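Take a look at the structure below.
The values are calculated or read from the model by the stated rules, or taken from the named source; none is laboratory data. Everything quoted here is computed from the prediction, not taken from an experiment. FYI the Cβ positions are ideal-geometry reconstructions off the backbone, even for glycines, and counts take in every protein chain you see.
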Amino acid sequence: MSRLVKIAVVLALLIFIIAPGVTGFLVESSIEKAETGYGQFINSGPFELIDDSFDRGWFSSDQTVELKLTEPDIAAVLHAIGGHTDSSQLPSLLVDTTATHGVIPLVSPAHGGLRPAIAQTESTLSLKYSDGTLVSLPVKIYSSLGTGQWARVVADPIVNPDLGPDVQIKWDGADISANFGDTTRYEGSIGTLNLTRNGSRIETTPLSIEGSFKKTRFAFGESESSMTLEKLVLAQPASMGHDPVTVNNIKGSGGLGVEGSRAIATSRLSVGSVNNAPVDIEGIELDANYDIDADAFSDFILESRKLQADNGGDTVDTDAMMAAMSRMLEKGGRFNLSKFDVQIGDGTLSMDLDVKLPEGSNSLQAAMANGEASGNVVIPETVVEALSAVSPELASGLTMAAMMGFVQQRDGAYEAKVSYKNGILLLNDLPVPLPF
């Protein structure tokens, strides 16, 4: 029996003491692998990696990442969120992460349940200034390392940070979760926002988002996303005497994928109504898509990232940027606005447009000369009457265009067929002078 006890004790030591230490090595390895993936993204965006340290422990490990903020606008927003008064300094962003690793490869995420993982992490964010001042940001990031990886970003509510004497802000924070794998999927909610500046006000209801992302061999990934916003309020100062404009039931979605050698993108937008605008709108529907050469588009994105990372400095290779644009134009492409409808009163203004760019155009001028386009515009007379209350010149302009033949007036609407080819724009088959 005593021997069994000794064996049990040894096994307990191996499992409960040595195992967490071994897991610490695995955690460090997992973090290094993750950094390989996001390092390029960080350095090509509004951040630049300055320092990265990892302190491996037995039951927990700590990592600190310091990022240089290269975009002044983002730095200004973080200044305000952190409540720091001196906006003349450009701080760095510190991400402090603690990874807890134990015996059983299961973690309990902050949003509930059990997930398989070798460790659970919690990250806090702060701003570091040149004088050594540290300002904490009200943001926490929870995640797991290992199989079944997930992450959750929680931003605390913000009320009236130091944005100036004429600025007030109230934000209910954000809560976004993601699951990682071959395809990363995310969903979450960005809380109600109320921002007032010099008497003008922007107010939103919670914004719901969801989507997915899959890495490709290109500088962009295959992605799908959607958002829903019940209400957006835009108010001018009370002294202007205007009622707030309210935009209701906003829904948007988009996607980017690869089909063969082409990058294919789609965009959709719908708006339920717009009230108290110069013209009340009963609904908006937009549906568009485009395709372009994937390799050329990827090169163009890479050069664009370099430009953003340099922040307007002298090291940008403008020749490389123009060469990437030329390759993108030379491979040709297509933009199709299949639907753009705006309902005003009892009528609906509608438009569609199909633009084709043939291969072989290596400059913007050549693309404009070789490109082709066709489309249609229909404006009901009831819509013209409503718009004329805001712009009286519109009705007279359309009447004159109808007399000249550029627009046809029939079935209670103004209609125009649009075409463009060989550098010539036609409205109802009549040439229209262009300023180029």
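I'd like to know if segment 224-245 contains one or more residues that are at pLDDT 90 or above, among the charged types (D, E, K, R) and more than 22 Å from the chain's Cα centre (by Cα).
no
Say whether the condition of being surrounded by 15 or more Cβ atoms within 10 Å (Cβ to Cβ) and closer than 30 Å to LEU256 by Cα is met by at least one residue in segment 156-165.
no
Scan segment 404-436 for residues that are more than 20 Å from ASP354 (Cα to Cα), among the hydrophobic types (A, V, I, L, M, F, W, C) and either modelled with pLDDT under 85 or outside any helix (DSSP H, G or I) (or both) and report the count.
So the answer is 2.
Is it the case, given these coordinates, that THR133 is among the β-branched types (Val, Ile, Thr) and at pLDDT below 80?
Taking the combined requirement at face value, the residue does not satisfy it.
Filter segment 181-238 for residues that are of a type in the set (Gly, Ala, Ser) and outside any strand (DSSP E or B) and give the result.
GLY181, GLY191, GLY199, ALA219, GLY221, ALA238
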